[in-house]
Amino acid sequence: MSQFLTRIDLWIVAGYLLAMLLIALRVSKGSRDVEGYVVGGRSMSGIVLGFSVLGTFLSSITFLGLPAKTFKGDWNAFVFGLALPPAALVATLFFVPLYRKQTQLSAYELLAQRFGPWARVYADLSYLVLQLIRVGTVLLLVAFAVAPLIDAEAMTAGPTAMYGNFDATVLMVGILIVLGVLVIIYDTVGGIRAVIWTDVLQVVILMIGAFWCIGQIMLGWEGGIAGFFKSIPEDKISLGAWTNWNAETGSWDWALSSVLVVFIYGLTENLRNYGSDQNYVQRMLAARDDGEAVKSIWIGALTYVPVSVIFCLIGTALWMNTQLDHSTLPAGIEGDQAFPYFIRHALPAPITGLVIAAVLAAAMSTVDSSLNSCSTILLVDILRPLNLVPKSIPEIITIRACTVCFGILGTAVAAMLLIIKGQDQSKALMDLWWQYAGTAGGGMFGLFLLAWLMPIIPRWGAAAGVLFSIPFLAWGTLCRDKLRPEWVPDAIPNCTIHPFIIGVTGTCIILAVGAICLVGVKAGILKPNRWHELHKETAK
């Protein structure tokens, strides 16, 4: 490696990492049993939890992914954040009381109560796969940012240098391993309390870094801030086409990433986050009362929207910089590399360390939540019901071991995504994440909606809905040009529907099957769910 961070930058990054470990040690006393490790004794403030929720939203997918998207195109991705407040309203009215009254530690206890163990296992597996993909995407994005700061020559020789350079690939894998190990350590030691309190610090650092970057770009622009905003081309801040109607063909084009498509996807995904994501449900359960849980949701939702504006502006500003004669970015640089390159070459030495600490914060605030929630799911929903944990081994040891295992798996997924990204360099990592997230989470969220809205339908009806959705979800994920596996038969056509719509459609398929079963129950053709009958008797 020919270039390293300056000494002061190293101290800033090292100080941040040390602070994470100290926080974990400080709060570890409250994580000596499973209850404390998972929900922090159910005594936490809504303000603290709200910043933790924001930290989970503001992963490196946002910190680096949003600038990459707006660098490559317009502000269409911003529409995703606009769907967050409506989803938060639904969460505060329905999900908070539902989970705090009817579950203990796992979000999927509700599914087991209403549709049986199979529903819980299906949701568990869907969630675990989804989180592994999320952890891998987050770690890979932050590795993209850190690598140029360590070895500028290997990582900035050209927009595609990292994929053909063996040393750069080794460097990326090494960064992934180091980051994975660091998060595993403090998450395993401190449990959910460490996750939440480190999230608060991470959000503060992340925001300082983001505001510094956009401030430096705008203040250095000719004409200052006013000149910067006057120079923004209208098409670069456009939200895109409002609908998918193609006037030329006189038909709907569902391959288009319109405002409608992104909003529907954003609303579905954010409802899935609040309604069936263990990360967010754990924070609801960790609050000391319903009011604090509601407060945490609104703090996270209402602060995310203006924050996402900053990251969109950064991407647009970097693109505008490439149009200048004296651009600080190399010609032809890819969207995923533009912001990391700017951090490395345009920021003053001390601030570089602060911003890279912010990038690390963005990654860790998401990865730690995913590891903690995944280990909770594995213990509470799988190991404990099946009596797979020997009585001689305390459960707190088991759940910590689960955290370590998922950290290792998530790091391995990041390496796999590095290979996938190398095969299709035109696709931003945020696109890959949104594609896989919608598909992996679609069936799980559809099943949850059945449990919430149609608990009267028979259990086999819910299972039928899931089975009908799986072929569509698999087709929409696998049959896509360069991502299409070789073993898929040529007779199966490629999916031309926008990836965002796949998960939404999968959810709708499950709801449609459930609706048919509901009509059958109401008409007396089908027997109602046994849980529903028992619930009526209990209510009497």
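Some points to look at:
- Filter result (aliphatic (A, V, I, L, M) and over 20 Å from LEU313 (Cβ atoms)) within segment 330-355: ALA331, ALA349
- With respect to the stated conditions, TYR108 is modelled with pLDDT of 80 or more, crowded, with 24+ Cβ neighbours inside 10 Å and within 30 Å of ASP33 (Cβ to Cβ).
- Answer from ALA301, ALA362, ALA338 - the residue that is among the aliphatic types (A, V, I, L, M), at pLDDT below 90, open to solvent by less than 30 Å² (accessible area, probe 1.4 Å) and closer than 30 Å to VAL48 by Cα: ALA362
- Annotation: of all residues in segment 230-256 being open to solvent by 100 Å² or more (accessible area, probe 1.4 Å) and more than 26 Å from the chain's Cα centre (by Cα), the one that is nearest to ASP74 (Cα to Cα) is ASP235.
- Of the criteria (1) open to solvent by 10 Å² or more (accessible area, probe 1.4 Å); (2) small (Gly, Ala, Ser); (3) over 24 Å from LEU125 (Cβ atoms), which one ALA401 fails: (3)
- Hey, GLU222 open to solvent by 60 Å² or more (accessible area, probe 1.4 Å), among the charged types (D, E, K, R), modelled with pLDDT of 80 or more and not in a helix (DSSP H, G or I) or not: yes
- A search for C-beta distances below 9 Å between a residue of segment 322-347 that is within 14 Å of GLN216 (Cα to Cα) and any residue that is open to solvent by 50 Å² or more (accessible area, probe 1.4 Å) and of a type in the set (Val, Ile, Thr), counting only pairs 6+ apart in sequence or on different chains, returns PHE342/THR328; HIS345/THR328; ALA346/THR328.
- Scanning segment 280-296 for residues that are surrounded by fewer than 24 Cβ atoms within 10 Å (Cβ to Cβ) and either under 18 Å from the mean Cα position of the chain (by Cα) or among the charged types (D, E, K, R) (or both) turns up ARG288, ASP289, ASP290, GLU292, LYS295.
- Filter pass, GLY443 being open to solvent by less than 40 Å² (accessible area, probe 1.4 Å), touching a helix residue (DSSP H, G or I) at 6+ places or on another chain (Cβ under 7 Å) and outside any loop (DSSP other than H, G, I, E, B): yes
- Single match in ILE175, ILE217 (criterion: modelled with pLDDT of 80 or more, assigned to a helix (DSSP H, G or I) and not small (Gly, Ala, Ser)): ILE217
- Applying the criterion of at least 1 residues that are open to solvent by 10 Å² or more (accessible area, probe 1.4 Å), of a type in the set (D, E, K, R) and over 20 Å from THR303 (Cβ atoms) to the helices (runs of 4 or more DSSP H) found wholly in segment 2-97 leaves 7-27, 34-39, 65-72.
- Taken over segment 496-534, the criterion of being more than 26 Å from VAL262 (Cα to Cα), at pLDDT 85 or above, of a type in the set (A, V, I, L, M) and open to solvent by 30 Å² or more (accessible area, probe 1.4 Å) is satisfied by ILE516, LEU518, VAL519, ALA523, ILE525, LEU526.
- Applying a threshold of 6 Å to beta carbon distances and a minimum spacing of six or more residues, or different chains, the list of pairs starting in segment 181-201 at a residue that is basic (Lys, Arg) and ending at one that is buried (at least 24 other Cβ atoms within 10 Å of the Cβ) reads ARG193/SER31; ARG193/GLY40.
- For GLN102, the conditions (1) open to solvent by less than 10 Å² (accessible area, probe 1.4 Å); (2) polar (S, T, N, Q); (3) free of Cβ contacts under 8 Å to residues at least 24 places away in the same chain all hold with the exception of (1).
- Of all residues in segment 365-398 being of a type in the set (Ser, Thr, Tyr) and closer than 26 Å to MET284 by Cα, the one that is most open to solvent (accessible area, probe 1.4 Å): THR398
- Qualifying residue in segment 204-211 (condition: touching a Ser or Thr at 6+ places or on another chain (Cβ under 9 Å) and not in a helix (DSSP H, G or I)): no
The values are calculated or read from the model by the stated rules, or taken from the named source; none is laboratory data. As the structure is a computational prediction, the values presented were derived from the model and not from experiment. Note: ideal-geometry Cβ built from the backbone for every residue, glycine included; neighbour counts use all protein chains shown. Quick note on the areas: whole protein, heavy atoms, side chains included, nothing else; ligands and nucleic acids left out. Shrake-Rupley method; radii C 1.70, N 1.55, O 1.52, S 1.80 Å.
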